[in-house]
Amino acid sequence: MISAHWMAMFIAALAVVYAVPGPDMALILQTSIGRGRRGGFAAAGGLALARAVHVTLSACGVAALLRGAPWLYDALRYGGAVYLAWIALQVFRSPVFALPMAGTAPVMQKPLRAVFIKGLLTNLLNPKALLFCSVLLPQFVQPGLGPVAWQMLLLGVLLVATGACFDLVFTLGAVRIAHWLRRHPLAQAAQRWTFSAVLLGFALRLSLD
């Protein structure tokens, strides 16, 4: 069984990665600002499922297949870049006054299922997330401490749970920011343009790496 010290080191490594801004964080912040807690939680659920899928694929050796088939990696990478660019365009084209006022019902918003799927695809179409799992997880597996499969399962659960905790913190923080943005229309426009630029930058980076 993996020692508590070893698990603490693994969680610390995950914390460093999840604290670094990326497309997942940008999506959570933008969604939470525009849709509130429920929207942020829905996006976080999609991200959590995508990470669980990546862990499973890594354990099955799919990441090794991507490394051995550059064309497959490139196809997934370009697909993810196009999807991020599409999200950036949707954010940029959204109304400046899209944030609902306190006590009023949201107008013409997509169902939470669509937000969940957006979170799922944002992470699932990023091959770097899969390669990250395939590189990090084996480093913390110790064959002498028990079945490798059980260790991979435990590490995978920790990876998904740690990511979900960070997403929840980002969601709650973004909701607090939204209260201030409701009173400042120009700030709403600025955050919309900023998140569009950030997502587009991640799309370009993914397509060029």
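Values computed for the structure shown
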item: Relative contact order, percent, the chain [alpha-carbon distance under 8 Å, six or more residues apart]; result: 44 percent
item: Residues Ser3, Ser207, Ser196 arranged by fewest to most Cβ contacts within 10 Å; result: Ser3, Ser207, Ser196
item: Convex hull volume of the chain per residue (C-alpha atoms, cubic angstrom); result: 114 Å³
item: Candidates Gly144, Gly79, Gly156: whichever shows maximal mean-square fluctuation once the chain is modelled as a Gaussian network with Cα springs under 10 Å; result: Gly144
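Where a number appears in this text, it was derived from the coordinates with a stated rule and is not lab data. It should be emphasised that the depicted structure is a prediction, and the values quoted were computed from it without experimental measurement. Here the Cβ is made from the backbone with ideal geometry for all residues, glycine too, and neighbour counts use every protein chain on show.
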